[in-house]
Structure formats: structure tokens, C-alpha cells
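For reference, the structure discussed in these notes is given below.
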Amino acid sequence: MSRNQKIEIKNEQGIRRYKTEILALTPSTTDTVIQITSADRLDKLSQEFYGTPDLWWVIATLNQIKGSYVVSSNTIIRIPQRDRVFDFIEQLNKTR
């Protein structure tokens with residue numbers, strides 16, 4: 001399973017280059033919305049909601065959190081529903 005998608009781009013000279021795009025779920029009405037009361041880490045939230053710390057990137061990309069595992073206090077974030085996350089990952093795996 002990869003959270004990245006390589007996209008091929010050709011310039012005017014026909015030179016191939018690749019850019020990496022992080023795949024993300026879109027917000028949904030089924031998401032859990034929480035306010036972080038004291039600084040917390042994305043991998044801990046992933047463990048709590050999904051049973052694994054490895055899906056921290058799902059929370060990060062949905063909430064446009066970049067450059068840190070730590071979410072500061074008083075931040076409101078969306079946590080996608082567990083079944084929706086696993087269905088999304090299953091669909092990613094089928095297309096690879």
C-alpha cells in the first residue's frame with residue numbers, strides 16, 4: 001500500500017519527469033470532528049481510531065497538516081470513519 005501516486009509529466013522537449021501526489025480522502029459527513037485539548041500526535045490518533053499508528057497520513061492529508069506529527073491544542077480536526085479509510089485503501093491496492 002502506498003499513500004503516494006507518481007504522476008508522469010513531459011515537458012516541451014519530451015523529457016519525462018515525475019511528481020508525487022499524496023492520495024487523500026475527501027471530507028464526509030460521517031467523519032468524526034474533534035478538538036484537540038492538549039497537543040497530540042497523529043500516530044497516536046491513528047492508533048486510537050484505526051488500531052494502527054501507520055495510518056497517521058490519512059488524518060494529516062485530510063486536515064492539510066504538513067511537516068509535523070504533532071497537532072497543537074485547540075486544533076479542530078476531522079477523523080475519517082474507519083470503514084471508509086479501509087475501503088479507500090482497498091481501492092488503492094486494486095488499482096496498483
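The values are calculated or read from the model by the stated rules, or taken from the named source; none is laboratory data. Remember, it's a predicted structure, so these values are computed and weren't measured experimentally. When we count neighbours, we look across all protein chains shown, and the Cβ atoms used for this are built from the backbone with ideal geometry, even at glycine.
If Thr20 passes every condition in (1) polar (S, T, N, Q); (2) closer than 19 Å to Ile89 by Cα; (3) at pLDDT 95 or above but one, which one does it miss?
Thr20 satisfies all of (1) polar (S, T, N, Q); (2) closer than 19 Å to Ile89 by Cα; (3) at pLDDT 95 or above except (3).
Within the set of pairs 6+ apart or on separate chains, which have a first residue in the range 30-57 that is more than 16 Å from Phe86 (Cβ to Cβ), a second that is among the small types (Gly, Ala, Ser) and at pLDDT below 95, and C-beta atoms under 8 Å apart?
Ile36/Ser72; Ile36/Ser73; Thr37/Ser73; Ser38/Ser73; Ala39/Ser72; Ala39/Ser73; Leu42/Ala60
Give me the pairs, please: first residue somewhere in the range 66-82 and closer than 12 Å to Thr37 by Cβ and in contact (Cβ under 8 Å) with a residue 40 or more places away in the chain, second residue anywhere and of a type outside the set (Val, Ile, Thr) and assigned to a strand (DSSP E or B), beta-carbon distance under 6 Å, and either six or more positions apart or on two chains.
Matching pairs, first to second residue: Ile76/Gln35.
Kindly provide the set of residues from the range 23-52 that are modelled with pLDDT under 95, surrounded by 11 or more Cβ atoms within 10 Å (Cβ to Cβ) and under 12 Å from the mean Cα position of the chain (by Cα), ordered by number.
Leu23, Ala24, Leu25, Pro27, listed by residue number.
Considering each residue of the range 59-89, count those that are of a type outside the set (Phe, Trp, Tyr) and in a helix (DSSP H, G or I), and give that number.
Applying the first criterion (of a type outside the set (Phe, Trp, Tyr)) to the range 59-89 yields 59-68, 70-85, 87, 89.
Add one more test, that the residue is in a helix (DSSP H, G or I), and what stays is 59-62, 82-85, 87, 89.
Summing the residues that are of a type outside the set (Phe, Trp, Tyr) and in a helix (DSSP H, G or I) in the range 59-89 gives 10.
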